[in-house]
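Working notes for the structure below.
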Amino acid sequence: MNDSWLKTLKSANFLAGKARTEAEIKRHRKRADMASRFATPKRDVNRKRFRLDDLLCEEVKPVSSYNPDYVILYCHGGGYISGGIDYAGNLAVKLAMATGFTVYSFAYRLAPEHPYPAASEDVDHIWEHIVSNVAEADHVFLAGDSAGGNMALCLTQRLLAEGKPVPKELILFSPWTDMTLTSESYEINKDIDPILSKEFVYNSAKAYLGDNDPADATFSPLFGSFENFPPVFIMAGRNGILIDDSIKLKERIEQAGGTAELDIEEKGWHVYQLMPGSMTREAMNRLAEHVSYAISGKR
């Protein structure tokens, strides 16, 4: 896939646009949900929505190749300002089909209406529900894309700081690990990442953080502790503006003595797995192979 094709896709893509005003954010949310519904596989899973107090959640269970021994808690992306159950369904269904595990997703509260700490409170709530009622922590894979990857990393760091059990492993798609927006890949890939723009990331961080410091490890897990961190499997596209966030995350985890595997799709972009097509199918096959090895030790 050449640079000119990526630039054409970027010019047509609403997700790379503005998100400053209430009208822009509403338009972004509506279009993101519509695009995700279009890209979500329509068969081979059973989907059931439920409420955990005020939190809307969904259980996605594969029809065939079902493995009841493990579950996935999936945190959707969207810059903390967009996304919901429909948006989350895209990767939730693909994760269920690839792994055979039941996947749980949830519609956490969004900024700017609900800035930090609303989203972190919501993920804490569903995490406690899962480990208290569904599966032990070491039988839970914690997944997330983009801002959802940020959420998954921050949750795990909080659990470790509190001395609580952590997930068996994290599965991250183009995670947002550094809210300071200082990585070189923002400039290197600004014209070819068809999904994301620095402007959108900046506006999202501002809406979510308010006056808080983006360099604080509470929001930028890259600067937090990775001591005793569980294994992490990272998938990212070489053409994504957040690719440096994934590369630096792997380095930080390994410096702390942990295990991190980074799968870079040379033709891919930011969370390219959201789109249908052969590149996504091949990526999910690689993910399935990794997860199989993670639970069995056999390739």
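The values are calculated or read from the model by the stated rules, or taken from the named source; none is laboratory data. Computed from a predicted model, the values in this text were never measured in an experiment. Neighbour counts run over all protein chains shown; Cβ positions are idealised from the backbone, glycine included.
The strands (runs of 3 or more DSSP E) found wholly in the stretch 51-160 and carrying at least 1 residues that are surrounded by 17 or more Cβ atoms within 10 Å (Cβ to Cβ) and polar (S, T, N, Q) occupy 102-106. Selection over the stretch 161-185 of residues that are within 23 Å of residue 110 (Cβ to Cβ) and either surrounded by fewer than 24 Cβ atoms within 10 Å (Cβ to Cβ) or not hydrophobic (A, V, I, L, M, F, W, C) (or both) gives a count of 6. Picking from residues in the stretch 183-220 that are outside any loop (DSSP other than H, G, I, E, B) and polar (S, T, N, Q), the one that is farthest from residue 77 (Cα to Cα) is 185.
Considering only residues in the stretch 221-251 that are aliphatic (A, V, I, L, M) and assigned to a helix (DSSP H, G or I), the one that is farthest from residue 274 (Cα to Cα) turns out to be 222. Here are some conditions: (1) buried (at least 23 other Cβ atoms within 10 Å of the Cβ); (2) touching a residue at least 40 places away in the same chain (Cβ under 8 Å). Residue 248 meets all but one. Which one does it not meet? The single condition residue 248 does not satisfy is (1). Could you check the stretch 242-258 and list, in sequence order, the residues that are among the hydrophobic types (A, V, I, L, M, F, W, C) and either on the phi > 0 side of the Ramachandran plot or under 19 Å from the mean Cα position of the chain (by Cα) (or both)? Result: 242, 243, 247, 249, 253. For beta carbons closer than 6 Å, sequence separation of 6+ or different chains, a first residue in the stretch 95-108 that is more than 22 Å from residue 33 (Cβ to Cβ) and a second that is surrounded by fewer than 24 Cβ atoms within 10 Å (Cβ to Cβ) and of a type in the set (Lys, Arg), the qualifying pairs are 102/61.
Six or more apart or on different chains, Cβ under 8 Å: which pairs go from a residue in the stretch 277-299 that's under 13 Å from residue 236 (Cα atoms) to one that's of a type in the set (Gly, Ala, Ser)? Could you list them? Pairs found: 279/268; 283/268; 284/98; 287/98. On inspection, residue 24 fails the criterion of being within 23 Å of residue 114 (Cα to Cα), at pLDDT 85 or above and buried (at least 20 other Cβ atoms within 10 Å of the Cβ). Within the stretch 106-128, the presence of a residue that is touching a strand residue (DSSP E or B) at 6+ places or on another chain (Cβ under 9 Å), among the β-branched types (Val, Ile, Thr) and farther than 24 Å from residue 161 by Cβ is excluded. Screening residue 206 against (1) without any contact (Cβ under 8 Å) to a residue 12 or more places away in the chain; (2) within 30 Å of residue 293 (Cβ to Cβ) leaves a single unmet condition, (2).
The set of residues from the stretch 273-299 being part of a helix (DSSP H, G or I) and either on the phi > 0 side of the Ramachandran plot or touching a Pro at 6+ places or on another chain (Cβ under 9 Å) (or both) comprises just one member, 294.
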